[in-house]
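Taken together, the values in this text are just the output of simple stated rules run on the coordinates, not laboratory data. From a predicted model like this one, the values you see are computed outputs, not experimental measurements. Every residue, glycine as well, gets a Cβ built from its backbone with ideal geometry; the counts of neighbours run over all protein chains shown.
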Amino acid sequence: MKNYMTIYLAGAMTGKTYKEMNGWREEVTRAIERSTSFNRMVRVINPVLYYSTADEYDDDKEYIRWEFRNAENADVVISGCDTKVNSIGTSVETALAFKKNVPIVLFITDGYACDVHPYLSYMSDKFFYHDEVDKMVEYIARYFS
């Protein structure tokens, strides 16, 4: 087993402002950093940070494949779900992680669980609402770290 775990933060980015894309991701990252429950170091992969600053990639295909590889190779994927937006990227990242048996936790950033697409719901191990960040992080630390 590696001496660190990787958590990938999947979620909608297309058509979102920087704050909409990154706000929940920063909140989750801070909660992970605050937690003392992980039994190893945690590496959080926030694609917004790469997406917003990477002028190095040549085209969308390169970036999209980077996202897919990170989702597939993570120890846990937290899928941010805004139930008012159907994000094809989030769905694909979640499906790829699911096929690799990566644990998936849905983080419902806006809306209700009953509004989550049934495919995302089926592929996830558990879901948490936006006001349950610390509870979600403790769940991940307890069961997957």
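Brief remarks follow.
- Relative contact order %, the chain, counting alpha carbon pairs below 8 Å whose residues are six or more apart: 29 percent
- Trypsin sites (Lys or Arg not before Pro) restricted to the range 99-141 and DSSP loop, no more than 13 other C-beta within 10 Å: K100
- If you sort the three axes of the alpha carbon gyration tensor as a ≥ b ≥ c, you get a/c of 1.5 or more for the range 1-82 and a/b no higher than b/c, which makes it oblate.
- Options [x] 9.6; [y] 15.4; [z] 8.4 - which one matches mean projected area of the Cα convex hull in nm² as calculated here: [z]
- Per-residue Karplus couplings for the range 33-39, computed as 6.51 cos²θ - 1.76 cosθ + 1.60 with θ equal to phi - 60°, are listed in order as 5, 6, 5, 10, 8, 6, 8 Hz, Gly and Pro entered as x.
- When you filter the GluC sites (Glu not before Pro) in the range 1-103 for DSSP loop state and at most 14 other Cβ atoms inside 10 Å of their Cβ, you are left with E56.
- Of K16/K84; K19/K126; K19/K84; K2/K135, pairs whose Cα-Cα distance is over 19 Å: K19/K126; K2/K135
- Taking all Cα pairs closer than 8 Å and separated by 6 or more residues, the relative contact order of the range 65-145 comes to 30 percent.
- Under 5 Å from the amide H of M5 lie the amide H atoms of M41, V42, R43, each residue being 5 or more positions distant or on a separate chain, with H modelled from the backbone and absent for Pro and chain starts.
- Backbone geometry of the range 100-111 corresponds, through the Karplus equation with coefficients 6.51, -1.76 and 1.60 at θ = phi - 60°, to 3J(HN,Hα) couplings of 8, 6, 7, x, 10, 10, 7, 10, 7, 7, 7, x Hz, x marking Gly and Pro.
- Sites T36 and D125, calculated FRET efficiency, Cβ-Cβ separation with R0 30 Å, nearest 0.05: 0.85
- In loop segments of the range 46-145 as defined by DSSP, the chymotrypsin sites (Phe, Trp or Tyr not before Pro) with at most 11 further C-beta atoms inside 10 Å of their C-beta are Y112.
- Karplus-derived HN-Hα couplings along the range 68-76 (A = 6.51, B = -1.76, C = 1.60, θ = phi - 60°), whole Hz, x at Gly and Pro: 4, 4, 5, 5, 5, 9, 6, 7, 8
- Cα→Cβ-extended label distance, 7 Å offset, between N101 and Y143, nm: 1.7 nm
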